[in-house]
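The values are calculated or read from the model by the stated rules, or taken from the named source; none is laboratory data. Computed from a predicted structure; not experimentally measured. As a convention, Cβ positions derive from the backbone with ideal geometry for all residues, glycine included, and neighbour counts pool all protein chains shown.
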Amino acid sequence: MKKNWMYGSVMAALFALAASGCADSQRTVEFRGICVDDLHGENGLYNPGRGFRLETAVDVLYEKDTPTKELVELSEKYVADSVSLSQSYFYLTYLIGEKLSEENFQTMQTYFDELQKQGKKAVLRFAYERDFMGRAATGPTGEQILEHLDQLKPFLEKNKDLILVMQAGMIGAWGEWHSSIQGLENSEETKAAVLEKLLSVVPEERNVQVRLPEFKNLLKDKPELYKRLSFHDDFIVIRPDRWDADMHEGTAKFDQIVKESPYLVVDGELPWGFWSVGADPDSPSAGWIIDGLQAARRLFLQHYTSLSIIHNYKEQHPNNRFDENNPPEYSMIVWKKTMITEDSLRQHHMPVSDSYFQKQDGTKVKRNMFDYIRDHLGYRIELQSLQLPSELQTGKENLLQLNLVNRGFATVFGEHPVYFVLIDDKGEVTEFPTEANPLDWQPFQPGDTTYTPLTHSVDLSLQLPESVPAGKYKLGLWIPDGSERLKYNFRYAIRCANGDTVWAVSKDGKYGVNVLTAVEVK
């Protein structure tokens, strides 16, 4: 890899001035979105830190020999669903009152090493009580939770680049902040103490998610802590229900999430399909299909980054073995059969990706609800146009401006530096860093009730030294992970949603580049 040469931020006015002064030396490359008949046009784009997620659980004491078993199995089962995240439960059930040992930490590290191998990140949760309504064998006190959190701080710092977000966990059944053996959810003081401790041990670059807004509001008077708290809704059912904790539309809780979510990592899941769809026929929940379009609208309004692919889809339970050839009619299976059009989305002011509802020849097509949600959870970066000199010249200023739109439900979270790169005929890549920050790439201006898509730009003033060999190159956009150990792993680079660009992976697997155009250096 050659060393970086120079970079700078280019103001739009500067670019316009240069272009107007020498119009014949400039060119513009236009881009389109992905058509349904493009290569892999009906498949999801694998992108880091967004989309459907798995759900795995590891008993830190008793599964020390098999901590990656479920992760490997589920990754294979859902390989066709573009999954780059796993909700990762670490159960400390049998370590209550004890210090975490080196062996315990190694068990968890082995799991994280497998995540890295697969190119995934964690939606991380620690918990103790694995059952419900008092049937759990034991539960921690508040003091015991705080002691374990102190121990976890170095481990969390070490693995922060593999953690998309931390869920509060710790308290109650499955870490959902209810039904705890010790009744911890009934103490405002204990809940606030756990949140403050979490925010002190979780790396400050990461959000901590809580199940309900009232938990976040416990720290309302501490704005620096409050702003790092986000949400995970573990019971997305859309229509009002006694179990939904008043999280449905029209409530203050719903509106709070809408208001605060543009700047936060938001996660959620549907209820289990065997409960909502396959319940006893006499149950009021029997045959309950969660409406796909209304679910998508909520995921959009509340800027969801991730959603469980496990719930209400390909479930396996002791009395219900999933049959790929004859799957139960769970909600996500129904979503795959629910067809939508561009007009049906626009009526709800929801994002419509360019070319998404057409073939390359312009023929209009329908798409299914499952694919739409899969493709628009989190970010979906769609390049619009590139302005650049007709030829790149050494010893002179070369102004590059790349315009893009985020068609997803949420912005890009985590550390992602943005580079233009030149690729020579031998495949050698030279990096040119920009000052662009994908965290700023909001789909629309927060608070804008028209939901008008924003156009963002990546600008670079590039001065090539005389030593750069003349010749033909490919100009690309490279958006890697910002961490040292993940930067040169193409699985963690962001792929744009365009049908007329090429996704190029270097032979050594270090680079995943969106190839924009061919250029000539003079």
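If we scan the range 491-501, do we find a residue that is in contact (Cβ under 8 Å) with a residue 60 or more places away in the chain, within 23 Å of C35 (Cβ to Cβ) and not in a loop (DSSP other than H, G, I, E, B)? Within the range 491-501 (the criterion being in contact (Cβ under 8 Å) with a residue 60 or more places away in the chain, within 23 Å of C35 (Cβ to Cβ) and not in a loop (DSSP other than H, G, I, E, B)), the answer is no, since none of the residues qualifies.
Just a yes or no: is a residue in the range 312-324 farther than 30 Å from G278 by Cβ, touching a residue at least 40 places away in the same chain (Cβ under 8 Å) and assigned to a loop (DSSP other than H, G, I, E, B)? It would help to see each step written out before you state the result.
First pass over the range 312-324, keeping only residues farther than 30 Å from G278 by Cβ: none.
Checking the range 312-324: not a single residue is farther than 30 Å from G278 by Cβ, touching a residue at least 40 places away in the same chain (Cβ under 8 Å) and assigned to a loop (DSSP other than H, G, I, E, B).
Taking the conditions exactly as written (buried (at least 19 other Cβ atoms within 10 Å of the Cβ), modelled with pLDDT of 95 or more and touching a Gly at 6+ places or on another chain (Cβ under 9 Å)), does Y128 satisfy them or not? Yes: the conditions hold for Y128.
Report whether or not P480 is within 29 Å of M350 (Cβ to Cβ), assigned to a loop (DSSP other than H, G, I, E, B) and touching a Lys or Arg at 6+ places or on another chain (Cβ under 9 Å). Answer is no for this residue. Just to be sure, is D221 at positive phi, surrounded by fewer than 18 Cβ atoms within 10 Å (Cβ to Cβ), out of contact with any Gly (no Cβ under 9 Å at 6 or more places or on another chain) and in a loop (DSSP other than H, G, I, E, B)? When the stated conditions are applied, D221 does not pass them. Applying the criterion of being of a type in the set (A, V, I, L, M, F, W, C) and at pLDDT 95 or above to the residues of the range 254-289, the residue that is farthest from I163 (Cα to Cα) is F254.
Let me confirm something: among E103, E73, which residue is among the acidic types (D, E), more than 25 Å from E315 (Cα to Cα), assigned by TED's automatic domain parsing to the domain that holds S308 and assigned to a helix (DSSP H, G or I)?
Details: E73 fails: more than 25 Å from E315 (Cα to Cα).
Answer to the check: E103.
Residues in the range 378-412 that are surrounded by fewer than 23 Cβ atoms within 10 Å (Cβ to Cβ), among the aliphatic types (A, V, I, L, M) and within 30 Å of E260 (Cβ to Cβ): V405 only.
Residue-by-condition table, conditions (1) assigned by TED's automatic domain parsing to the domain that holds K121; (2) of a type in the set (S, T, N, Q); (3) surrounded by 19 or more Cβ atoms within 10 Å (Cβ to Cβ):
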| site | (1), (2), (3) |
| --- | --- |
| G471 | no, no, no |
| K474 | no, no, yes |
| P480 | no, no, yes |
| S483 | no, yes, no |
| N498 | no, yes, yes |
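E415 fulfils the conditions (1) touching a residue at least 60 places away in the same chain (Cβ under 8 Å); (2) within 16 Å of T305 (Cα to Cα); (3) surrounded by 22 or more Cβ atoms within 10 Å (Cβ to Cβ) except for a single criterion, (3). One residue stands out among those in the range 429-466 that are touching a Ser or Thr at 6+ places or on another chain (Cβ under 9 Å) and free of Cβ contacts under 8 Å to residues at least 40 places away in the same chain: the one that is surrounded by the most Cβ atoms within 10 Å (Cβ to Cβ), which is A436. Only one entry in A122, A137 is touching a residue at least 40 places away in the same chain (Cβ under 8 Å), surrounded by fewer than 14 Cβ atoms within 10 Å (Cβ to Cβ) and touching a helix residue (DSSP H, G or I) at 6+ places or on another chain (Cβ under 8 Å), namely A137.
For T66, the criteria (1) without any contact (Cβ under 8 Å) to a residue 24 or more places away in the chain; (2) outside the structural domain of Q144 (by TED's automatic domain parsing); (3) of a type in the set (S, T, Y) hold in every case but one, which is (2). Assess whether S306 counts as being crowded, with 16+ Cβ neighbours inside 10 Å, within 30 Å of T449 (Cα to Cα) and modelled with pLDDT under 95. When the stated conditions are applied, S306 does not pass them. The sole residue among S457, S467 that is modelled with pLDDT under 95 and on the phi < 0 side of the Ramachandran plot is S467. Go over the candidates F274, F300, F231 one by one and state the one that is under 22 Å from A127 (Cα atoms) and among the aromatic types (F, W, Y). Just a single option satisfies the conditions, and that option is F231. Only one entry in N217, N159, N186, N207 is in the same structural domain as Q109 (by TED's automatic domain parsing), within 23 Å of E103 (Cα to Cα) and at pLDDT 95 or above, namely N159.
Scanning the range 185-198 for residues being surrounded by fewer than 22 Cβ atoms within 10 Å (Cβ to Cβ) and part of a helix (DSSP H, G or I) gives a total of 9.
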